[in-house]
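The next block holds one structure in the form of structure tokens; read it before the comments.
The values are calculated or read from the model by the stated rules, or taken from the named source; none is laboratory data. All figures in this text were calculated on a predicted structure; none of them were measured in a lab. FYI the Cβ positions are ideal-geometry reconstructions off the backbone, even for glycines, and counts take in every protein chain you see.
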Amino acid sequence: MLRRPHLGVMALLLILLGLVALLPIMPPDVAGPYAIKFATRIVIVAMMVVSLDLLIGITGLVSFGHAAFFGLGAYGVYFMSPEAESANVLIAFPVAIALAAGGAALIGAFAVRNKGFYFIMVTLAASQMLYALFHDTRIAGGSDGASINIKPELVIGETSLLDLSNRAALLWLSLGCLVIVYGLSFWLVRSSFGHVLQGIRWNEERMRALGFNTYIYKLAIFIIAGALAGLAGALFAAIDGFVPPELLGWRQSGLAIMMVVLGGVGTLYGSALGALVYNALEETLKNSAVVGPQISDHWPIAMGLLLIGAVLAAPQGLAGWLPRFVPRIGGTNIKTAPMDCAVHAAPVLSVAGLGKVFGGLIANDGITISFEPNKVHAIIGPNGAGKTTFTNLLSGTFAPTAGRIRIGDVDVTSLSVHRRARLGIGRSFQRTNIISAFTVEENCLIAAQAGPLAASGVEMALRATGLEDRRDRLARELSHGEQRQLEIAMLLANGAHTLLLDEPLAGAGPEETQRLTALLRGLATNHTIVLIEHDMDAVFAVADTIAVLVNGRLIAHGAPDEIRADAAVREAYLGSFELIGASP
Amino acid sequence: MELALVQLFNGIQYGLVVFLAASGLTLVFGILGIINLAHGSFYMLGAYLALTLTSITGNIFLALALGLPLAFAFGAAIEWIFIRHLYKRDHLQQVLLTFALILIFNEVQRIVWGSYPHAVPVPDFLSGSIRLTATLAYPVYRLVLTGICLVLALVMLITITGTKIGRLIRAGESNREMLELLGFDSRLLFRLVFAAGTMLAAAAGMLAAPVESVYPGIGERVLIVSFVVVVIGGMGSIRGAFIGALLIGIADAFGKMLLPGFASVMVYALMAVVLVVRPAGLFGRA
């Protein structure tokens with residue numbers, strides 16, 4: 001989670017901002033027109049880079065096309081600027097922002113379906129497509145770029161409040177916008193919306209399983225970030241009144257990523273720092289009076305080497321490196337009020353004729369079974385019997401090739417993972433699937449947020465799983481067994497009445513196994529538990545019913561004693577059952 | 001009709017050149033897991049090597065024979081100095097470091113070869129045109145170029161499907177961790193693959209040099225197109241890169257003929273369509 005920013009570094013940045021704001025009223029030999037323009041550029045680029053960090057650092061979406069929205073904002077101002085008079089900022093800027101947001105919506109609708117490398121490439125290609133459009137056609141000046149003859153003015157009624165051809169006015173407006181963009185981003189990240197975004201960054205699968213429609217969240221932040229970049233672009237167009245198509249190109253996007261990484265991913269203020277340091281560095285290296293002509297003539301080499309040094313020496317960026325010198329103040333400020341535990345009425349989960357074929361492999365074949373509420377149902381079977389496939393069908397990860405799935409009277413066969421989660425189906429995974437960078441409480445909070453219980457679910461879940469005294473520990477610091485407990489706590493906080501648990505005991509020691517089975521028994525008083533497990537002793541000790549899958553087929557379902565006595569099960573499953581049969 | 005035929009030839013030829021570059025990129029990503037933005041710089045290196053070595057030896061083929069080993073060695077050196085630090089790092093840091101490499105390579109190019117475009121001569125014995133039909137002639141060098149690219153593609157295919165190192169490469173493509181678990185010296189394999197990828201990009205640059213002029217920034221266009229090809233074909237798939245490159249080449253050629261001004265847009269639109277239908281590319285694993 002985004003922690004409170006480092007106060008020392010923040011103070012430093014605030015002082016810097018104040019100094020920048022004073023630039024225009026300093027004597028010209030201290031800060032000439034060039035210095036003011038340079039400062040304006042840094043402020044605008046910082047704004048753009050902060051918006052990119054919302055995608056990269058907060059949500060984990062590495063967009064390689066963010067400059068496209070910056071460029072669209074700039075072109076928006078050009079489109080709104082008449083030949084012979086100035087445009088009104090109050091009209092031109094909203095249009096520019098809307099243009100950028102519209103572009104982001106269009107591109108994002110495709111792009112956020114993709115992950116990792118594909119997301120990088122789709123955003124890259126989409127922005128290159130826009131670049132080609134502006135570069136190769138004459139919709140706006142083509143490859144020569146577009147010129148704005150008269151810069152916009154901020155007019156209310158008849159009076160002109162700000163004329164952006166005045167350098168000081170533009171700088172102050174840009175500074176104001178940067179403060180607003182930063183404040184907005186910071187507030188957004190600390191909001192419940194932002195918590196979900198951070199959850200997506202760390203563990204999208206888990207967030208979906210908790211019932212969040214992650215597609216919508218990712219698209220929303222993509223559009224918001226695009227709109228903020230559009231604002232920055234609109235301001236940028238007012239610096240020189242010139243908009244070259246290269247503004248949308250991949251180099252600009254790459255530079256923006258570079259500044260985010262240089263500053264420190266996921267901290268917001270770090271990316272502003274990155275923008276400052278990168279631009280100041282470039283300006284210094286280009287200045288032969290400072291570094292000598294040998295370097296200034298070939299500054300990209302020095303720049304490249306410095307960047308490589310930075311990435312190798314400080315992978316966390318400046319924000320990870322600077323605060324080492326000042327102690328951290330403050331922590332998270334999430335508060336929850338303990339409330340009463342909600343009691344569910346779990347409906348019957350039933351499937352009829354369920355089948356799943358992968359290519360030529362029949363993984364599940366004609367399974368018909370119903371799981372009575374408030375009981376522990378174990379599913380056992382040899383390796384490759386189709387147990388995990390079955391769980392995936394129940395949770396909605398896979399769509400079945402045949403059959404129907406019902407929760408109570410509701411047919412959920414065609415519902416996605418997050419829709420089923422909202423109906424109360426929670427699942428855990430074979431490999432522990434929690435958000436390791438969050439605390440125990442934060443994990444439960446994010447789970448509660450997706451469900452009907454809200455904050456009351458958190459206390460209930462922590463109490464039910466016995467994790468109350470671990471609430472402030474980071475999830476990654478927990479023992480394996482505790483992580484398993486946390487996973488179940490998340491399902492409870494999420495408001496699940498039916499828990500699909502895929503090998504919750506795998507890797508647990510004897511003591512942990514005992515604790516977890518006791519937990520499951522306790523939960524079964526008001527939850528339905530479907531359990532896939534290899535530990536036969538535990539299964540026979542904890543389960544009310546046992547279903548046996550062999551080669552994708554259900555060959556038996558009944559109470560533990562019936563299963564133990566079943567001839568077909570004995571035949572199919574000889575080895576391990578002999579053992580259990582021998583010592584009932 | 002005849003223009004369409006010429007454009008088809010041009011598209012195939014361009015597609016094959018792009019394939020050489022893109023296959024290097026997809027190998028490096030598939031096996032090393034590295035997003036190499038500097039891959040276009042290796043294409044540029046090839047183009048400028050062609051320029052210099054052709055002026056020394058007087059022949060593009062002699063230049064190739066000298067240039068390819070040089071490019072291979074260069075790739076191995078870059079891997080050793082920079083890239084090997086990135087294997088355990090995330091995509092962002094790869095992007096940052098290889099982006100920084102582009103800055104350096106472009107500046108070195110400017111120092112060594114200057115900012116003006118240059119032409120690389122076609123060898124005399126290939127300089128004519130060949131009559132295809134009564135009214136249609138096609139430059140011999142372009143046909144030879146197409147042939148050489150096809151041969152190289154075939155050699156690559158045979159290497160990958162039929163040799164020991166090819167088997168390692170395919171294994172690495174589908175499961176990189178597994179190779180390490182099995183105890184292969186992945187450092188050596190990685191260096192070889194990166195060097196081979198560099199050589200492939202440089203080969204594309206050298207072969208195409210007599211057809212296009214050689215100019216600064218020549219690699220960046222190829223870089224973006226190669227990424228598009230890799231995405232269309234599916235990450236890490238050589239076969240996918242081949243089909244993707246031909247599709248892109250033909251789309252580009254016909255785009256220039258039918259919708260001048262929108263040719264490059266068409267290339268990206270093609271990619272968008274492929275991704276909507278098959279999110280992991282034509283031959284990628286979902």
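If I go through the range B:243-256 residue by residue, how many of them are surrounded by 24 or more Cβ atoms within 10 Å (Cβ to Cβ) and not β-branched (Val, Ile, Thr)? First the steps, then the outcome.
Initial filter on the range B:243-256 (surrounded by 24 or more Cβ atoms within 10 Å (Cβ to Cβ)): B:244-245, B:248-249.
Going one step further and asking which of them are not β-branched (Val, Ile, Thr), we end up with B:244-245, B:249.
Counting residues in the range B:243-256 that are surrounded by 24 or more Cβ atoms within 10 Å (Cβ to Cβ) and not β-branched (Val, Ile, Thr) gives 3.
Would you call B:Leu247 farther than 26 Å from B:Asn106 by Cα and at pLDDT 80 or above?
yes
Would you please name the residue that is surrounded by the fewest Cβ atoms within 10 Å (Cβ to Cβ), looking only at residues in the range B:267-284 that are at the interface with another protein chain (Cβ under 9 Å from one of its Cβ atoms) and more than 20 Å from the chain's Cα centre (by Cα)? Show your work before the answer.
Within the range B:267-284, the first condition is being at the interface with another protein chain (Cβ under 9 Å from one of its Cβ atoms), and the residues that meet it are B:267-269, B:271-272, B:275-276, B:279-281, B:284.
If we keep only those that are more than 20 Å from the chain's Cα centre (by Cα) too, we end up with B:269, B:272, B:275-276, B:279-280.
Working: B:Ala269: 15, B:Ala272: 17, B:Leu275: 21, B:Val276: 10, B:Pro279: 15, B:Ala280: 16.
Step by step, filter the range B:267-284, then rank; the result is B:Val276.
Can you go through B:Ile130, B:Ile148, B:Ile111, B:Ile102 and tell me which one is free of Cβ contacts under 8 Å to residues at least 60 places away in the same chain, under 28 Å from B:Ser213 (Cα atoms) and at the interface with another protein chain (Cβ under 9 Å from one of its Cβ atoms)?
Numbers: B:Ile130 fails: at the interface with another protein chain (Cβ under 9 Å from one of its Cβ atoms); B:Ile148 fails: at the interface with another protein chain (Cβ under 9 Å from one of its Cβ atoms); B:Ile102 fails: free of Cβ contacts under 8 Å to residues at least 60 places away in the same chain.
Only one candidate passes the filter, namely B:Ile111.
State which residue is nearest to B:Gln93 (Cα to Cα) when the search covers only the range A:116-146 and only residues that are at pLDDT below 80 and polar (S, T, N, Q).
A:Ser143
Return the residue satisfying two criteria in turn: it lies in the range A:137-182 and is under 25 Å from A:Val49 (Cα atoms) and of a type in the set (D, E, K, R), and of such residues it is surrounded by the fewest Cβ atoms within 10 Å (Cβ to Cβ).
It comes out as A:Arg167.
Hey, can you tell me all the residues within the range B:69-83 that are more than 20 Å from B:Phe99 (Cα to Cα) and aliphatic (A, V, I, L, M)?
Of all residues in the range B:69-83, those more than 20 Å from B:Phe99 (Cα to Cα) come to B:69-70, B:72-73.
Of everything in the range B:69-83, those that are more than 20 Å from B:Phe99 (Cα to Cα) and aliphatic (A, V, I, L, M) turn out to be B:Leu70, B:Ala73.
Name the single residue, out of those in the range A:299-322 being without any contact (Cβ under 8 Å) to a residue 12 or more places away in the chain and part of a loop (DSSP other than H, G, I, E, B), that is nearest to the other protein chains (Cβ to nearest Cβ).
Step by step, filter the range A:299-322, then rank; the result is A:Pro315.
Do we find that B:Val273 is free of Cβ contacts under 8 Å to residues at least 24 places away in the same chain and within 24 Å of A:Leu133 (Cα to Cα) in this structure?
Working: free of Cβ contacts under 8 Å to residues at least 24 places away in the same chain: yes; within 24 Å of A:Leu133 (Cα to Cα): yes.
Judged against the criteria, B:Val273 is a match.
For the range A:191-200, which residues satisfy the criterion of being surrounded by fewer than 18 Cβ atoms within 10 Å (Cβ to Cβ) and within 13 Å of the chain's Cα centre (by Cα)?
Of everything in the range A:191-200, those that are surrounded by fewer than 18 Cβ atoms within 10 Å (Cβ to Cβ) and within 13 Å of the chain's Cα centre (by Cα) turn out to be A:Ser192, A:Phe193.
Residues in the range B:38-58: is at least one within 14 Å of chain A (Cβ to nearest Cβ) and not small (Gly, Ala, Ser)? I'd like the intermediate steps shown before the answer.
As a first pass, look at the range B:38-58 and keep what is within 14 Å of chain A (Cβ to nearest Cβ): B:38-41.
Subsequent filtering for residues that are not small (Gly, Ala, Ser) retains B:39.
Yes, the range B:38-58 contains a residue that is within 14 Å of chain A (Cβ to nearest Cβ) and not small (Gly, Ala, Ser).
Output the number of residues of the range B:29-52 satisfying the condition of being in a helix (DSSP H, G or I) and touching a His at 6+ places or on another chain (Cβ under 7 Å). Give the derivation first.
Here is the first cut: in the range B:29-52, the residues in a helix (DSSP H, G or I) are B:29-32, B:39-52.
Within this subset, residues satisfying the condition of being touching a His at 6+ places or on another chain (Cβ under 7 Å) are B:51.
Going through the range B:29-52 one residue at a time, the tally reaches 1.
Which one of these does A:Trp187 not meet: (1) touching a residue at least 12 places away in the same chain (Cβ under 8 Å); (2) away from every other protein chain (no Cβ under 14 Å); (3) assigned to a helix (DSSP H, G or I); (4) under 20 Å from the mean Cα position of the chain (by Cα)?
So the condition that A:Trp187 fails would be (1).
Taking the range A:59-79 as the region of interest, how many residues are crowded, with 24+ Cβ neighbours inside 10 Å and in contact with a Lys or Arg (Cβ under 7 Å, 6 or more places away or on another chain)? Before the answer, list the steps.
Residues of the range A:59-79 crowded, with 24+ Cβ neighbours inside 10 Å: A:59, A:61-77.
Still in the running and in contact with a Lys or Arg (Cβ under 7 Å, 6 or more places away or on another chain): A:59, A:61.
Here the count works out to 2.
When you look at A:Ala140, is it farther than 30 Å from A:Asn494 by Cα and within 14 Å of chain B (Cβ to nearest Cβ), yes or no?
Numbers: farther than 30 Å from A:Asn494 by Cα: yes; within 14 Å of chain B (Cβ to nearest Cβ): yes.
Spelling it out, A:Ala140 is indeed farther than 30 Å from A:Asn494 by Cα and within 14 Å of chain B (Cβ to nearest Cβ).
Scanning for something surrounded by fewer than 24 Cβ atoms within 10 Å (Cβ to Cβ), under 20 Å from A:Ser271 (Cβ atoms) and within 14 Å of chain B (Cβ to nearest Cβ), does the range A:98-118 turn up at least one residue?
Going through the range A:98-118, the residues surrounded by fewer than 24 Cβ atoms within 10 Å (Cβ to Cβ) turn out to be A:98, A:102, A:105-106, A:109-110, A:113-118.
Within this subset, residues satisfying the condition of being under 20 Å from A:Ser271 (Cβ atoms) are none.
For the range A:98-118, residues surrounded by fewer than 24 Cβ atoms within 10 Å (Cβ to Cβ), under 20 Å from A:Ser271 (Cβ atoms) and within 14 Å of chain B (Cβ to nearest Cβ): absent.
When you look at B:Val228, is it at pLDDT 85 or above, within 11 Å of the chain's Cα centre (by Cα) and among the β-branched types (Val, Ile, Thr), yes or no? Full working, then the answer.
Working: at pLDDT 85 or above: yes; within 11 Å of the chain's Cα centre (by Cα): no; among the β-branched types (Val, Ile, Thr): yes.
In short, no.
Sort out which residues of the range A:449-460 are under 24 Å from the mean Cα position of the chain (by Cα) and in contact (Cβ under 8 Å) with a residue 24 or more places away in the chain, and write them in order of number. Write out each step before concluding.
Filtering the range A:449-460 for residues under 24 Å from the mean Cα position of the chain (by Cα) gives A:449-455, A:457-458.
Once the filter is applied, which keeps residues that are under 24 Å from the mean Cα position of the chain (by Cα) and in contact (Cβ under 8 Å) with a residue 24 or more places away in the chain, the range A:449-460 yields A:Gln449, A:Ala450, A:Gly451, A:Pro452, A:Leu453, A:Ala455, A:Gly457, A:Val458.
Right, A:Glu459: among the acidic types (Asp, Glu), in contact with a Phe, Trp or Tyr (Cβ under 9 Å, 6 or more places away or on another chain) and assigned to a helix (DSSP H, G or I) or not? Show your work before the answer.
On the way: among the acidic types (Asp, Glu): yes; in contact with a Phe, Trp or Tyr (Cβ under 9 Å, 6 or more places away or on another chain): no; assigned to a helix (DSSP H, G or I): yes.
In short, no.
Whether any residue in the range B:194-203 is within 14 Å of another protein chain (Cβ to nearest Cβ) and closer than 30 Å to B:Val276 by Cα is what I want to check.
Narrowing the range B:194-203 to residues within 14 Å of another protein chain (Cβ to nearest Cβ): none.
No: the range B:194-203 contains no residue that is within 14 Å of another protein chain (Cβ to nearest Cβ) and closer than 30 Å to B:Val276 by Cα.
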